[in-house]
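Notes to accompany the following structure.
The values are calculated or read from the model by the stated rules, or taken from the named source; none is laboratory data. Keep in mind the model is a prediction, meaning the values are calculated, not measured. Please note: Cβ atoms are built from the backbone with ideal geometry, for glycine as well, and neighbour counts cover all protein chains shown.
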Amino acid sequence: VTETSAGSLVPEVGRLVIRFAGDSGDGMQLTGDRFTSASALFGNDLATLPEYPAEIRAPAGSLAGVSAFQVHISDHDIFTPGDAPHVLVAM
């Protein structure tokens with residue numbers, strides 16, 4: 001547990017799997033990449049799994065147009081992008 005400057009307590013987490021998902025072309029890959037880069041600045045170990053459709057721009061709302069980016073963040077060595085996300089950010 002870490003205390004913030006505001007005095008609230010924040011639990012420390014040893015590892016976390018986050019998946020960003022949404023329609024292709026809505027910035028899921030960019031969001032995941034930026035989140036990964038920001039986490040790397042804190043010295044965390046990372047593994048990523050980008051998922052994007054073969055189509056350049058599938059019709060909105062179709063299952064073929066779903067894009068996702070999964071990142072596994074840890075304070076120790078990791079070797080996989082994670083099995084299941086702890087956090088799902090759906091856009």
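Here region 1-33 is the region considered, the condition is being among the charged types (D, E, K, R) and closer than 19 Å to residue 86 by Cα, and the residue that is nearest to the chain's Cα centre (by Cα) is 19. Annotation for region 19-42: at least one member residue is surrounded by 17 or more Cβ atoms within 10 Å (Cβ to Cβ), of a type in the set (Lys, Arg) and modelled with pLDDT of 80 or more. Within region 67-91, residues that are of a type in the set (Gly, Ala, Ser) have Cβ atoms under 6 Å from residues that are assigned to a loop (DSSP other than H, G, I, E, B) in these pairs: 67/24; 67/52, counting only partners at least 6 apart in sequence or on another chain.
Scan region 12-26 for residues that are hydrophobic (A, V, I, L, M, F, W, C), over 10 Å from residue 72 (Cβ atoms) and assigned to a strand (DSSP E or B) and the total you get is 2. Checking every residue in region 74-86 against the condition of being closer than 28 Å to residue 11 by Cα, among the β-branched types (Val, Ile, Thr), in contact with a Ser or Thr (Cβ under 7 Å, 6 or more places away or on another chain) and at pLDDT 90 or above gives zero matches.
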